Amino acid sequence: MTDTTAINPDDEPLLDGPVHAEGVDDEPVERNRRMFEGWGLTLVAVIATLYAAFHMLALNGVSINSWTGIDLPFLPQFPMETWNFRIVHIAGALALGFLLFGARLFPDEDVAPTPMISKAGFVLLIPVAIAAWTVFSFAQLVNSGTLPEMGGLTTWAAFPGTEIYGREVTWFGTPLLIATIGAIVLGWFEKAPRKTFATSDIILALCAVVVALYLIPIYSTAARNSVGTSFVPVGVAFAATAGTLMILELTRRVAGLALVIITGIFLLYTFTAHMLPGILAVQTPYDWKRFFGFVYTDAGILGPTTAVSSTYIILFIIFAAFLQASKVGDYFVNFAFAAAGRARGGPAKVAIFASGLMGMINGTSAGNVVATGSLTIPLMKKVGYHKKTAGAIEAAASTGGQIMPPIMGAGAFIMAEITGIPYTDIAIAAIIPAILYFASIYFMVDLEAAKLGMRGMRDDELPVLKKMLRQVYLFLPIIILIVALFMGYSVIRAGTLATAAAAMISWLTPHRMGLMSILKAFELAGIMSIQIIAVCACAGIIVGVISLTGVGARFSSMLLGIAATSQLLALFFAMCIAILLGMGMPTTAAYAVAASVVAPGLVNLGIPQLTAHFFVFYFAVVSAITPPVALASYAAAGISGANPMETSVASFKIGISAFVVPFMFFYNGAILMDGTWPEIIRATATALVGVFLLSAGVQGYFMGGRSAWFIRVALMIAALFMIAGSWTTDFIGVGLAVAIFFVQKLFHPSPDAGFDVRGAD
């Protein structure tokens, strides 16, 4: 895992001056993001600002109409109907995302544009205009009061043979699909300068708006009750098809191909399930109209994943943007260096602290690696860590931020939405597992540093702790958030208070937030939200497939069948599914899919709902450091210069306890705060000892010296006994640990001991 060369404490200074973090929480510029100038920059900034501000106003029930008394069309009316709000949420992200992110990576050097292709692309404006004109005519018809009513709802007679049906097919659906598919294909061939808009992206942004403008009035009629049936209006199916294609395309642009491929497999399954054998089979095939008429509802794209992204996630993205504007992220890292930099292997321990703080806020392991790792990884290399180890430590720490309460990278809010369990219960239950995870990484890092003889950083290389402590008030926004949540305030109200606190506290710093800074923070939040919204919407497609086909229930029955042989085997199988589903996917999407496929099966095994969802959540999170597809490790390798696969293996090793912790709270509910205080304290203490023994066994370093292979094996066995949770296993584990200690101290077995292999003679 590491170099075996010890570090000389008399080496040259690491740095010319003290560490000073700057811009660690600045958003990295993706290779396919456009860098506008002039009016283009202004336009995108205005759209992003309005998009984020709209959510903040909507979530807090602020109505522009009620403020102004002006009744003009398109002014926000709050509270918005739930489906309408989510439709606008997705449409805005699609439009903004297509304008900002190109279909291909921009090369380092300017390439010749393709003006003929760009000009030819404007032909697609014709079908967009036709579809938009038809949508406006539909909206006028719905609001005219001339349509018959049924049960107090306006009817929408879009059956084959009717005039509306013909208009939906000829003048809305067909032009919309032509424009959508044409623009997606065009994006692969069109080359436009990075500082200008691409024609194909403008077309896609307009198509996203047209989809929303159609669905909002139609879903206000009785047609909404027909979704998922053969009676769904064909226009809904057309709009959903176009919307799904755009979601997949934007997800490809901002999150890569992994999630798109997985979603494509689920879509393929929908239309081929009737031909498959065994538990994957369905009785009757699903036609195109029924599926797409179903997927763009609250059972799919508009379901739990979008519910969370349109409320909690975007709210906390705004919160993170305000923290970034007030440079709180820089303070987190500088404080971590001042507090932990002196310890042996100091930068690695700083990475654990700082990455944990940043990771729980930003909701993406790979993004957190890029943010804090740009400072911590080079410093780890300078104090003696091998480049792959430096990257692995940062990847493991950043991933752990996703399981750290109170925010848990938005995972806590998704779990609350899916399970119906109060958010505060989830945050409290997550405390001990998070402690165990970060304690394990700390032990691994400390033992590694001791084994290699590493030093910490000198006082003159570090920020002054006293100065950092004088600025400890910068933690107040997070403290206010935690206190408000546990006082019983709603998540939205608590998040809003914390955001306002971040703006006010900035006035105690050189980075005071005035009106322009606040608008800039909203702009940043709008841009930061695009990826997670696209990912959540894409995960919603998978959720829709699972809901329609019932494949989740069949997985549950399969787990029940396995559990009849061995419950442990069923859990292992569930672990593998959660990790496989999470590979290459952000945490939010990984958990959402795993919660739909795996968690119901675990609940059917008799496992408590909270335990079942925490089980799959943890494995969905650690998929970011699990080979062969480990996004956090790959991001760290890009900074450290190490081999990505070697880095992913090393990060898997460092985060090994995360693969044990879920089994711990399955066998011992006290780890999730389910028990009396004496039980919880004993479970925590013994688990910490077990995690230490596991780390010592993995690192091969115990009680001040390197360990022989059989000592390492014994340490890991003792760790498993300590982790099991019963009094009997705890005593066995302690006894083994004591015996190992005496063997190590009395007999000093050679750490290089091996097996003698003799011939037949």
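Bear in mind that the values in this text are calculations on the coordinates, not laboratory data. Note that the structure is a prediction, hence the values are computed from the model and not measured. Ideal geometry is used to build each Cβ from the backbone, glycine not excepted, and the neighbour counts take in all protein chains shown.
Table for the structure above
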| read-out | value |
| --- | --- |
| Contour excess over end-to-end distance, with Cα ends at residue 42 and residue 284 and 0.36 nm allotted per residue | 81.9 nm |
| Folded to 0 to 90 degrees: helix 199-218 orientation relative to the chain principal axis, Cα | 70 degrees |
| Taking only Cα atoms of the range 137-212, radius of gyration then Dmax in Å | 17.4, 54 |
| Options 504, 636, 700, ranked by Cα towards positive dipole end of the chain, top entry (Cβ charges) | 700 |
| Area projected by the alpha carbon convex hull of the range 310-525, averaged over all directions, nm² | 11.9 nm² |
| Candidate lysines for bridging to residue 349, where Cα separation is under 18 Å - those fewer than 8 sequence places away on the same chain excluded | 381, 382, 387, 388, 451, 653 |
| Rounded to 10°, Cα long-axis angle of helix 346-362 versus longest principal axis of the chain | 20 degrees |
| Taking all pairs of distinct alpha-carbon atoms in the range 687-756, Kirkwood radius in angstrom | 11.9 Å |
| Partner lysines for residue 195 [C-alpha distance under 18 Å; skip if fewer than 8 residues away on the same chain] | 119 |
| Whole-Å distance, taken between Cα centres, linking the range 536-613 and the range 661-712 | 27 Å |
| Dipole magnitude of the chain, debye to nearest 20 (Cβ charges: Lys/Arg +1, Asp/Glu -1, about Cα centre) | 180 debye |
| Within the chain, helix-based [θ] at 222 nm, where runs of 4 or more DSSP H residues each add -39,500 (n - 2.57), nearest 500 | -21000 deg cm²/dmol |
| Sorted peptide list for 513-525, 682-694, criterion being average Cβ within 10 angstrom, highest first | 682-694, 513-525 |
| Dipole in debye (nearest 20) - the range 619-761, about Cα centre, beta carbon charges: Lys, Arg +1; Asp, Glu -1 | 180 debye |
| Radius ratio Rg over Rh of the range 38-297, counting only Cα atoms, Kirkwood formula for Rh | 0.99 |
| Cα lying deepest toward the dipole's positive end in the range 180-326, options 238, 193, 292, charges on Cβ | 193 |
| Relative contact order %, the range 687-756, counting alpha carbon pairs below 8 Å whose residues are six or more apart | 34 percent |
| Distance (nanometres) between label positions extended 7 Å along Cα→Cβ at residue 727 and residue 557 | 4.4 nm |
| Protection-proxy order for peptides 35-48, 429-442, each taking the mean of Cβ atoms within 10 Å per residue, highest first | 429-442, 35-48 |
| Cβ-derived FRET efficiency at R0 35 Å, residue 195 paired with residue 507, nearest 0.05 | 0.50 |
| Student exercise, the range 310-525 dipole from Lys, Arg, Asp, Glu Cβ charges, in Debye to nearest 20 | 680 debye |
| Cα centroid separation - the range 463-514 against the range 124-166, whole Å | 49 Å |
